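The values are calculated or read from the model by the stated rules, or taken from the named source; none is laboratory data. It should be emphasised that the depicted structure is a prediction, and the values quoted were computed from it without experimental measurement. In this analysis, Cβ positions are derived from the backbone assuming ideal geometry, glycine residues included, and neighbour counts consider all displayed protein chains.
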């Protein structure tokens, strides 16, 4: 979402995606997560 600065952290990609999906549903009212949003999340995942 434009302007959203939420950061999801997890031990692996599945955890990060699950937390990002929870955030999208809770804070942005998204009932389902479109494939393009999933792709954007995946492209932003990196090791800290």
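Per-residue answers, yes or no, for (1) modelled with pLDDT of 95 or more; (2) assigned to a loop (DSSP other than H, G, I, E, B):
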{"site": "1", "(1), (2)": "no, yes"}
{"site": "4", "(1), (2)": "no, yes"}
{"site": "8", "(1), (2)": "yes, yes"}
{"site": "15", "(1), (2)": "yes, no"}
{"site": "18", "(1), (2)": "yes, no"}
{"site": "32", "(1), (2)": "no, yes"}
{"site": "36", "(1), (2)": "no, no"}
{"site": "41", "(1), (2)": "no, no"}
{"site": "47", "(1), (2)": "no, yes"}
Looking for something surrounded by 10 or more Cβ atoms within 10 Å (Cβ to Cβ) and assigned to a loop (DSSP other than H, G, I, E, B) - is there at least one such residue anywhere in the range 22-30? yes
Residue 7 being surrounded by 10 or more Cβ atoms within 10 Å (Cβ to Cβ) and touching a residue at least 12 places away in the same chain (Cβ under 8 Å): no
Checking residue 33 against (1) surrounded by 12 or more Cβ atoms within 10 Å (Cβ to Cβ); (2) free of Cβ contacts under 8 Å to residues at least 12 places away in the same chain, only one condition comes out false. Which one? (2)
